[in-house]
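To keep things clear, I will list the structure first and then write my remarks on it.
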Amino acid sequence: MNRLPLLAVAALAGCSARIAPKAAPEQVAHVFPHQPHLENDVACSNCHASIEQATRLDAAERHVALPAKSDKCGDCHETMPTLAIPARTSPFELSFDHAAHLPRVNGDCKVCHLELPEKDQLHTPVPPMSVCTACHVHQQEFAEARCTPCHVDLRSHGPKPLSTFAHREDWLRTHGELARASAQSCAACHDQTYCANCHSAATVAARPSVRWPEQVTADLIHRGDYVSRHMVDVQADPASCRRCHGSPFCQSCHELQNVAPTGSLSDRDPHPTSGWATPSGGEHAAAARANIVACAGCHDQGAAATCVTCHRSGGANPHPPGFASRHSASEQHSKKVCIVCHGP
Amino acid sequence: MRKVMPVLLGALCLLAGPARADVVEASSTTMLLAGQQTRGGAPGQTPSLATVVPAYEILTLSARDIGNPVADHLEVVLSTWGSYDFSDLRWDNGTGSKLTGDVTTGYVKGELFKRHLVLQVGREYVALGSARMVQIDGGSAVLVLPYGFAVSGYAGSPVSQRFQSRGATVSWNPEGGDLAYGGRVSWTLPISGGPGRGLELGASTAVVKDGKDFAREDVGVDLRLQPVAQVVLTGFGVWSLAEKNRLAEATVLVTWTPQRKLHLTADFQQVAPDLFLPRTSILSVFSDTERTAIGGGVSYDVNRALTLVLDGHVDLQPTSKDLSGTYTGYDLTARAAWHARGSSAGAEVGLLDASENGYFSARLYGRRDFGPAFLAADVLAHFFRESINAEKQAFTGVLTGGYELGGGWAAVLAGRAGVTVFMERQYELLAKLVYNQTYSVREVR
């Protein structure tokens, strides 16, 4: 089993050996002033004629061919400017069939291309998704998280999420509610390693705020010296802790700090020195009812738990009111947890 | 686990031959930490200090759009790490050995039949419905049916740390069992007018078994309603069948974005913390109390650089002073975040009031990029209502510097100093070397 990571890496090496690192997209300035040509009603097809036959976006093909001066530019240009059309350096993030769409907009590119790049501009404006959804009702695909084949690779390109999944400032608190119904949508942009950074309390190498101290703007859980305040947080919202952490996780540290019950009187005792557990009950009864999860941080050892010592059948009844109505009498002697006190 | 991992390995080995991945992302983090942790101690005595110097190698590989004759989309993800403690064992080592490691995630995912069937096998999470983000070594499937229906299911063994036993008391896993399974059925009704609008209803079940006993036996319902683009309503409820349908958790969340700059939320949550314990735990028979939180939040983008956030809840919780009392606590957070080109800064204050203690927290942070280099600072203070270890204040500061070395490589050095309730002076150092790279094969579509 311990060889698994090595074998997996070796297997994946077969994939990576044939490929080269993707070059970072270069910022190449645009060379053509579109706006004055639009204002003078110059047809887009004068220069982009071949786009009408393009069935896919191809980074290697610019679909630009400047006409000769005498052909279409002579009305305005006495001398033709010299333009060197720069090659596209980055892959397209969408798949799109211009040949199929242009007839539907009567060849009017401006229906979708609301903004065009201008000379010396580095940024390339792309049509917003709203122009797609103006015609294509994608609710079903959206609900089913089927972003492909329009979006090539959401994980690499990371568009700004739409309204439902917009990662606003309260995202840390709200994302779980959406994921319960729409985890497939999350998966369109994130693989599960991303989730694991926070959710994998049992198997992660270190908590995120330790691993990424430079990410000061991120909502990383348990930031700073969490040990100092964890016992306050577990009082405020114990269920939240139990979503990720099992009792032995707490116990493994508590034992190192001598907080856990090992039976030695020299242990550090987190409970009040008097009145905590008395023959008539004491303070521990209300404390346990209020926050049994806190008790579980040290006392969850099954039959060896200290609770069993006094609460074994015949001792003080520890069950809350109504407990008997929720459980059949036969469980007492059949379920393992009941047998601990009630016997087989 | 013994059955699942060979399947995963076999799939990986098969893919290494003829398969071709469109995109392969590789990430490597080599990290060295140095600090001190307290150990032991008795009342009135000073605890001893352990020096911990763990070194980590964290490796993540993701290959997607792998060309293959079967699936429309095939993906392999592996995130694993190893560590060595050069000095004393750190407290979260998880084993008794200086050399340890684990697999955080590792799965093969395939989408078939024009993406109407999604299959995933390996070490994975299940988030859908009442699964409660269970991490399993197993498999899951999502089947998209006509008329808006979908069915999903999962089965596997809940993950424990370092491959130690599952349901036993040494497992860090909160599930407390050795077999987890469940599923969800859902129905969506899209509403025209924009992506996302519509109704989704789901019903789910989540079961965890420890031997023959049920550690968890829950059923749940969930709802997502987006009547207009700006409003999203989600609701969720889960009941424990093992406890005669006691409500384990219920949440209602409404978000409203009346304009691009303004975002409002209102939420209600009721939980029974004891139902988050495995039913096989001896402590599951002692309590049946509930906690309720109700509140909301608002965030406002003052301009493109500045965002203000306010979030607060009233928390109704049982008091530890008597068996029937209720304590009304609260939590409140206010934050101002500023972003400009190459710079970020923020301030945050918080109040938490619980029945036995509470705290006021304050945080200041900032980061400034200097070309390929950056500097970040983060200062956090907590002032406790009641003393902890005879102290009422804790301060921590982190200063981090880094440099982009090029080719996907970066180096980071961080130092943390603190005065905490358990340590009069605390220092930690972190040095890490990071490699992040994306490899693409096909760029033409």
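Give the separation of the Cα centroids, segment B:354-369 to segment A:175-235, in Å. For segment B:354-369 versus segment A:175-235, the Cα centre distance is 17 Å.
Other residues lying with their Cβ under 14 Å from the Cβ of B:Ala340 contribute a combined charge of +2, Lys and Arg counting +1, Asp and Glu -1. Among A:Glu169, A:Glu255, A:Glu78, the largest mean-square fluctuation in a Gaussian network model of chain A, built with springs joining Cα atoms closer than 10 Å, belongs to A:Glu78. Legend: Rg and Dmax of the protein assembly as shown, from Cα coordinates, 28.8, 107 Å. Partner shielding of A:332-341 amounts to 3, given as the average count of beta-carbon atoms from other chains within 10 Å of each residue beta-carbon.
If you put +1 on each Lys and Arg Cβ and -1 on each Asp and Glu Cβ, how big is the dipole of segment A:175-265 around its Cα centre, in Debye rounded to 20?
So the magnitude is around 100 debye.
Here the spin labels are modelled as points 7 Å beyond Cα on the Cα-Cβ line, and at A:Ala166 and A:His271 they lie 5.2 nm apart.
Any idea what the dipole of segment B:187-248 comes to, in debye rounded to 20, about its Cα centre with Lys/Arg Cβ at +1 and Asp/Glu Cβ at -1?
Value, rounded to 20: 80 debye.
Residue by residue along B:320-326, Cβ atoms of other protein chains within 10 Å of the local Cβ number 5 on average.
Taking the charge dipole of chain B about its Cα centre, with +1 at Lys and Arg Cβ atoms and -1 at Asp and Glu Cβ atoms, the residue from B:Gly366, B:Leu201, B:Val118 reaching farthest to the positive side is B:Val118. One Cα centroid belongs to segment B:189-225, the other to segment B:128-150; the line between them spans 9 Å. Note on B:Thr46 and A:Ile85: the model spin-label points, each 7 Å out from Cα along the C-beta direction, lie 7.7 nm apart. Ordering of A:141-154, B:70-83, A:269-282 by packing is B:70-83, A:141-154, A:269-282, highest average first (other Cβ atoms within 10 Å, averaged per residue). For the protein assembly as shown, with the dipole built from +1 on Lys and Arg beta-carbon atoms and -1 on Asp and Glu ones, taken about the Cα centre, which of B:Gly296, B:Leu283, B:Ala50 lies farthest toward the positive end? Toward the positive end, the furthest listed residue is B:Leu283.
Segment B:241-271 and segment B:46-71 have Cα centres separated by 33 Å. Fully extending the segment from A:Ile339 to A:Cys150 would add 62.2 nm, taking 0.36 nm per residue of separation and subtracting the current Cα-Cα distance. Between B:Tyr300 and A:Arg243, the modelled label-to-label distance comes to 2.9 nm, taking each label 7 Å out from Cα in the direction of the beta carbon.
Peptides B:201-207, B:146-152, ordered by how many other C-beta atoms sit within 10 Å of their residues on average, highest first, read B:201-207, B:146-152. Would any residue of segment B:213-234 have its amide N under 19 Å from a label point 7 Å out along Cα→Cβ of B:Asn245? List them or say none. In segment B:213-234, the label zone of B:Asn245 (backbone N under 19 Å from the point 7 Å along Cα→Cβ) covers B:217-223. This ranking places A:Arg243, A:Arg104, B:Arg115 by how few other beta-carbon atoms lie within 10 Å of each, fewest first, which gives A:Arg104, A:Arg243, B:Arg115.
Going through segment B:173-242, which trypsin sites (Lys or Arg not before Pro) have at most 12 other Cβ atoms within 10 Å and a DSSP loop state?
Loop-located and lightly packed - B:Lys212.
Under the convention that each Lys and Arg Cβ holds +1 and each Asp and Glu Cβ holds -1, the size of the dipole of the protein assembly as shown around its Cα centre is about 1100 debye. When each of B:Ile294, A:Ile51, B:Ile388, B:Ile282 is scored by the number of other beta-carbon atoms lying within 10 Å, the sequence from fewest to most is B:Ile294, A:Ile51, B:Ile388, B:Ile282. Loop-located trypsin sites (Lys or Arg not before Pro) across segment A:295-340 with a Cβ neighbour count of 10 or fewer within 10 Å are lacking, with loop assigned by DSSP.
Taking 0.36 nm per residue of sequence separation and removing the Cα-Cα distance, the B:Lys212/B:Ala411 pair yields an extension gain of 66.6 nm.
Taking Cβ atoms as reference points and 14 Å as the exclusive limit, the residues near A:Ala286 contribute a net charge of -2, counting Lys and Arg as +1 and Asp and Glu as -1. Full extension of the chain between B:Val349 and B:Leu119 yields a length gain of 78.4 nm, computed as 0.36 nm times the residue separation minus the alpha carbon distance. For segment A:195-302, with equal point scatterers placed on the C-alpha atoms only and solvent neglected, what are the log10 I(q)/I(0) values from the Debye formula at q = 0.09, 0.16, 0.22 1/Å, to two decimals? Here log10 of I(q) over I(0) equals -0.29, -0.84, -1.37.
Counting Cβ atoms of other protein chains within 10 Å of each Cβ in B:357-366 and taking the mean gives 3.
As a check on your grasp of the helix formula, calculate [θ] at 222 nm for the protein assembly as shown: sum -39500 (n - 2.57) over DSSP H runs of n ≥ 4, divide by the residue count, round to the nearest 500.
-4500 deg cm²/dmol
Using the Cβ-Cβ distance between A:His63 and B:Leu112 with R0 set to 51 Å, the FRET efficiency works out to roughly 0.90.
In the protein assembly as shown, taking the dipole from charged Cβ atoms about the Cα centre, the farthest positive-side position among A:Ser130, A:Cys195, A:Ser50 is held by A:Cys195.
A short reminder: the numbers here are calculations on the coordinates, not readings from a lab. Computed from a predicted structure; not experimentally measured. Positions of Cβ are generated from backbone atoms using ideal geometry, with glycine treated the same way; all protein chains shown enter the neighbour counts.
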